[in-house]
Amino acid sequence: MSATTYRTCPRSGLQFESNAETLMVVNAVTAVVALLVGGILAIGVVLTRWPAVHWLAADTFYMVLTAHGIDMLIFWVIFFEIAVLYFASSTLLRCRLATPRIAWLGFALMLIGAVMNNLTVFQGGSSVMMTSYVPMMASPYFYAGLILFAVGALIGCFVFFGTLVVAKRDKTYQGSVPLVTFGAIVAAIIAVFTIASGAIILIPTFFLSIGLIDQVDPLIYRTIWWAFGHSSQQINVAAHISIWYAVAAIAFGAKPMSERVSRGAFLLYILFLQLASAHHLLADPGVSTAWKVVNTSYFMYFAVLASMIHGLTIPGAIEVAQRAKGYNNGLFEWLRKAPWGNPVFSGMFISLIGFGFLGGISGVMMGTEQLNMIIHNTIYVPGHFHATVVVGTTLTFMALTYFLIPVLFKREMIHPGLAKLQPYMFGLSMYFFCLVMMGAGTLGVPRRHWDLSFAGAAMAYEWPGAAYLMMGLVGIGGVAAITGGGLYIYITVGSLLWGKKLDGGKPSAHFTPIPVSAPSAAAQSYGSAGFAAPGTFVLAMVFLVSFVLYYFINWKYLSQVWGLS
Ligand code: HEM
Ligand SMILES: [Cu+2]
């Protein structure tokens, strides 16, 4: 490792330490490669579920679906998150990265694990889906790959914590850490819990696959797997919400309406996330109804509350900042005059609205014990979680990338015109895709199913024509979204390869502490903006009304499942 240097980006005022910078670049680029692979696989998944196309043979479909889930939700998201952790520590706190050699070891383990897992899936015989429920068995290399990846990610978290210590010791910042860093700390704490749960369940399953032990209880597997699977979604949420705050700060100089409230909301994630994972066990025998109801109908709402606080205070902060600039006419001038042509902002805002309205409302509906049975194991479920992990997390990471191309990668973006369109194409077609999946799911269309028509099955089932129509629309929406995703990859990879090189700022052997005047300084400081956001309040009321209506519509559906008289 060469001696460390620091450069201050002339465009953003952010300071990058050389080791942290290379690691961020390498992790982010690997993430995009995983997104590319997962996106290509999405073509196979979508074109098979589109009834008129029904492309892949059954065994190929399940193999491709397994790899799509893992490449997207594990490899794309977590490689990117490690880059975000290094950014939120070393860059925002303006210090060197702790133990860069160990950070490289973490990266190497993640890479080896990801490649091993993919190669194993594509050899066949390991199409166990990303949840890999026992007693289905995959090759030992499938589990070993995931375990190596997890160990690598855990190392990344510890390098992040170490970097916080370095910043404290070198006094590179004053007072509390910035909110964005605070959110990343929350994400990393949850990650440690998450990875521990993953280890507790995947290591015995690995032993089972090599014949060292002879049983893993399926119910225990599911319970612990979801302590891992659900918490990892809470990491994603904490990470993408931190980025929303960062974008609000970068694009508007916006400060949170109340630092204290925002920090408190982040803490709620740590306190209540494990309880919320009970919503994955709602149809399981073995855990009592009372336990399910208490966990999913009461405790889960604390985690939801936290997301709603962020969903309110981020647009609120933007509104306050815009009003301060004079956009004061009516309820919504601040929003109309927002930089809709800047993909960093538009991506973030499309993500926020879609995450709240589509992901949030559907999540609370399905997390209700009684309502869950209407949509359990239907394609409603991927409809819901594409609204959270694609519209929420993935689109946010895309938006952040547009900021990072000139700042971290030191390149001018190719095709700024296409980049302007990309968040709309990807985000809005994803909205549509999620909605029609939820529609098809409400009609009972199963998830993870190769053949909707059940051709050749002993007992036939007649779907209403609308089910086929909806699945056709899933196909069209999916292809449009994949095109939007392809555009992102073309623009980012193209900019890295062919974009004009930009001046990165002179390297220096010393760091400079956080300045107050840099354009992105709001992302690096502490402070509240006060509470005067009437437009945001109206948006929140629209949300509330949509929520209540949709919730009651589903109780009505439920009442129609069985005629009682
Ligand atoms: C344009 C992009 C995408 C399209 C068109 C797409 C399409 C689909 C479809 C249709 C399914 C459900 C198949 C079924 O249950 O029969 C699915 C499953 C899934 N997708 Fe995506 N997807 C996309 C992007 C993503 C992204 C970005 C992520 C994660 C960040 C993701 C994560 C998953 C997961 C975890 C599953 C579940 C796999 C399983 O059931 O084990 N997808 N995808
Ligand atoms: Cu969950």
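The values are calculated or read from the model by the stated rules, or taken from the named source; none is laboratory data. Predicted, not measured: the structure shown is a model, and the values here were computed from it. FYI the Cβ positions are ideal-geometry reconstructions off the backbone, even for glycines, and counts take in every protein chain you see.
One line per residue, one yes/no per condition, for (1) of a type in the set (Phe, Trp, Tyr); (2) in contact with a strand residue (DSSP E or B) (Cβ under 9 Å, 6 or more places away or on another chain); (3) within 12 Å of ligand 1 (Cβ to nearest atom); (4) outside any loop (DSSP other than H, G, I, E, B):
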site: 363; (1), (2), (3), (4): no, no, no, yes
site: 374; (1), (2), (3), (4): no, no, no, yes
site: 388; (1), (2), (3), (4): no, no, yes, yes
site: 392; (1), (2), (3), (4): no, no, yes, yes
site: 414; (1), (2), (3), (4): no, no, no, no
site: 420; (1), (2), (3), (4): no, no, no, yes
site: 425; (1), (2), (3), (4): no, no, yes, yes
site: 432; (1), (2), (3), (4): yes, no, yes, yes
site: 439; (1), (2), (3), (4): no, no, no, yes
- Message: I need the full set of residues from the range 272-290 which are loosely packed, with under 14 Cβ neighbours inside 10 Å and touching a residue at least 12 places away in the same chain (Cβ under 8 Å), in order please.
- Response: 283, 285, 286, 289
- Somewhere in the range 395-405, is a residue at positive phi, over 17 Å from the mean Cα position of the chain (by Cα) and either of a type in the set (D, E, K, R) or buried (at least 20 other Cβ atoms within 10 Å of the Cβ) (or both)? no
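Collect the residues in the range 82-102 that are in a helix (DSSP H, G or I) and among the β-branched types (Val, Ile, Thr), keeping them in residue-number order. Don't jump to the end; show me each part of the working.
Taking the range 82-102 and keeping what is in a helix (DSSP H, G or I), we get 82-91, 100-102.
Selection gives 82, 84, 91, 102.
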- Going by the structure shown, is residue 307 within 16 Å of ligand 1 (Cβ to nearest atom), under 30 Å from residue 131 (Cα atoms), part of a helix (DSSP H, G or I) and out of contact with any Asp or Glu (no Cβ under 8 Å at 6 or more places or on another chain)? no
- First in the range 547-562 and farther than 15 Å from residue 364 by Cα, second anywhere and among the hydroxyl-bearing types (Ser, Thr, Tyr), Cβ under 8 Å, 6 or more apart: 557/442
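Pick from 49, 11, 101, 94: which is in contact with a strand residue (DSSP E or B) (Cβ under 6 Å, 6 or more places away or on another chain) and either touching a residue at least 60 places away in the same chain (Cβ under 8 Å) or under 29 Å from residue 455 (Cβ atoms) (or both)? Reasoning before the result, please.
On the way: 49 fails: in contact with a strand residue (DSSP E or B) (Cβ under 6 Å, 6 or more places away or on another chain); 11 fails: in contact with a strand residue (DSSP E or B) (Cβ under 6 Å, 6 or more places away or on another chain); 101 fails: in contact with a strand residue (DSSP E or B) (Cβ under 6 Å, 6 or more places away or on another chain).
None of the other options fit; the residue is 94.
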- Would you tally the residues in the range 441-478 being in contact with a strand residue (DSSP E or B) (Cβ under 9 Å, 6 or more places away or on another chain) and not in a helix (DSSP H, G or I)? 6
- Residue count, the range 254-271, condition assigned to a helix (DSSP H, G or I) and buried (at least 21 other Cβ atoms within 10 Å of the Cβ), comes to 4
- Item | Condition broken by residue 381, with the remaining ones in (1) within 15 Å of ligand 1 (Cβ to nearest atom); (2) of a type in the set (A, V, I, L, M, F, W, C); (3) in contact with a helix residue (DSSP H, G or I) (Cβ under 6 Å, 6 or more places away or on another chain) satisfied | (3)
- Item | Considering residues of the range 75-102 that are surrounded by fewer than 24 Cβ atoms within 10 Å (Cβ to Cβ) and within 29 Å of residue 120 (Cα to Cα) only, the residue nearest to ligand 2 (Cβ to nearest atom) | 102
- Message: Suppose we filter the range 9-26 for residues that are touching a helix residue (DSSP H, G or I) at 6+ places or on another chain (Cβ under 9 Å), assigned to a loop (DSSP other than H, G, I, E, B) and not small (Gly, Ala, Ser); how many remain?
- Response: 3
- Message: If residue 295 meets every condition in (1) away from ligand 1 (no atom under 16 Å from the Cβ); (2) assigned to a helix (DSSP H, G or I); (3) at pLDDT 95 or above apart from one, which number is that one?
- Response: (3)
- Task: Could you please find all residues in the range 153-178 being more than 24 Å from residue 259 (Cα to Cα) and in a loop (DSSP other than H, G, I, E, B)?
- Result: 170
- Message: Any residue at all in the range 279-288 that's closer than 24 Å to residue 196 by Cα, touching a Ser or Thr at 6+ places or on another chain (Cβ under 7 Å), modelled with pLDDT under 95 and not in a helix (DSSP H, G or I)?
- Response: yes
- Query: Would the range 200-214 turn up any residue that is within 16 Å of ligand 2 (Cβ to nearest atom) and crowded, with 21+ Cβ neighbours inside 10 Å?
  - Reply: yes
- Task: Take the range 336-361 and flag every residue that is over 19 Å from residue 243 (Cα atoms), aliphatic (A, V, I, L, M) and away from ligand 1 (no atom under 16 Å from the Cβ).
- Result: 361
- Message: So for the range 367-388 (the condition being away from ligand 2 (no atom under 16 Å from the Cβ), of a type in the set (A, V, I, L, M, F, W, C), under 19 Å from residue 308 (Cα atoms) and modelled with pLDDT of 95 or more), does at least one residue qualify?
- Response: no
- How many of the residues making up the range 230-263 are away from ligand 1 (no atom under 16 Å from the Cβ) and either among the polar types (S, T, N, Q) or without any contact (Cβ under 8 Å) to a residue 24 or more places away in the chain (or both)? 3
- Hey, residue 224 more than 27 Å from residue 356 (Cα to Cα), of a type in the set (A, V, I, L, M), at pLDDT 90 or above and touching a Gly at 6+ places or on another chain (Cβ under 9 Å) or not: yes
- Across the range 117-136, what is the number of residues that are assigned to a loop (DSSP other than H, G, I, E, B) and either within 16 Å of ligand 1 (Cβ to nearest atom) or on the phi > 0 side of the Ramachandran plot (or both)? 12
